[in-house]
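Worksheet: the structure to be examined is printed underneath.
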Amino acid sequence: MFLINTFFIALATMLGTFIFNFKKKRTKAIPLKNQILIIAAAIVITIPSLISASTLVKQTYNQTQLTSFIDNELPSLYVVNKEIASGKIKLTVIGSNLSNSEINKLDDKLPDYQLGDYKLQFQQLSKGNYLSVNAFKKYVDQEKSDNVQSSTTDSSDKNLLKLEQQLNKKYPDAITKVYVGQLVDKSKNKQALVLIKLNKDNEVQQAEIKKYTENLVKKLDIDATVHFTEE
């Protein structure tokens, strides 16, 4: 990029000199050899720059189309990471599991977003209701800890802490640990995640606890997904 900018600045300066005739008297014309070198340099540098610009525009357009695809076709999933490379659209997601038939149907919709040359590839971090603690720690911006709870000022963070406290109070014997945090994607979009670990003797209460947690999420006006962990 530096070389391209330098070349075109020099070329513009040279052309400006000729157009405005800064030299009152030019003793001799530019040798033919030099003219050929200038033209050859212009071609050699201009073509790659046009290719680079075209590639950048296409990448930006594809990312915009992919964002529209995710918003319209994957409303129930949280996309942690997205990447377009080597003819594939790689999506790392948390949410309900997608079957092969559902993925094939989503593939068929890609041409509607001018992404027909690509195939979808999903990495589903959650399996049914379950999510690993490692995945949680990797993809969650976990701002809450015993050391900073008192200094939390964001209303969504306060509501997450309140949710955690109410769950532990409601099910002190059934719940071993509650993890709460914010999912953060590359676009800095956030969604809360609640991860619950149950005592083995109380796993039969999972459906009840999930329903209670989802109702509590709505009551506290939190945009969150609820999962369980066996770790």
**Study point:** FRET efficiency, 1/(1 + (r/R0)^6) with R0 30 Å, evaluated for ASP112 and THR46 via beta carbons
**Key:** 0.25
Check your understanding: Accessible area, 1.4 Å probe, largest first: how do LEU50, LEU125 sort?
Key -> LEU50, LEU125
Practice item. Among the listed pairs LYS158/LYS210; LYS138/LYS200; LYS127/LYS200, give every one whose C-alpha distance is greater than 23 Å. Key: LYS138/LYS200
Check your understanding: In the full protein assembly as shown, how much of LEU216 is accessible to a 1.4 Å probe, in Å² to the nearest 10?
Key -> 10 Å²
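The values are calculated or read from the model by the stated rules, or taken from the named source; none is laboratory data. This structure is a prediction, so every number in the text was calculated from the model and none was measured. Quick reminder, even Gly has a Cβ in these numbers, built from the backbone with ideal geometry, and neighbours come from all protein chains shown. Side chains are part of the model used for accessible areas, which takes the heavy atoms of the whole protein and leaves out ligands, DNA and RNA. Shrake-Rupley method; radii C 1.70, N 1.55, O 1.52, S 1.80 Å.
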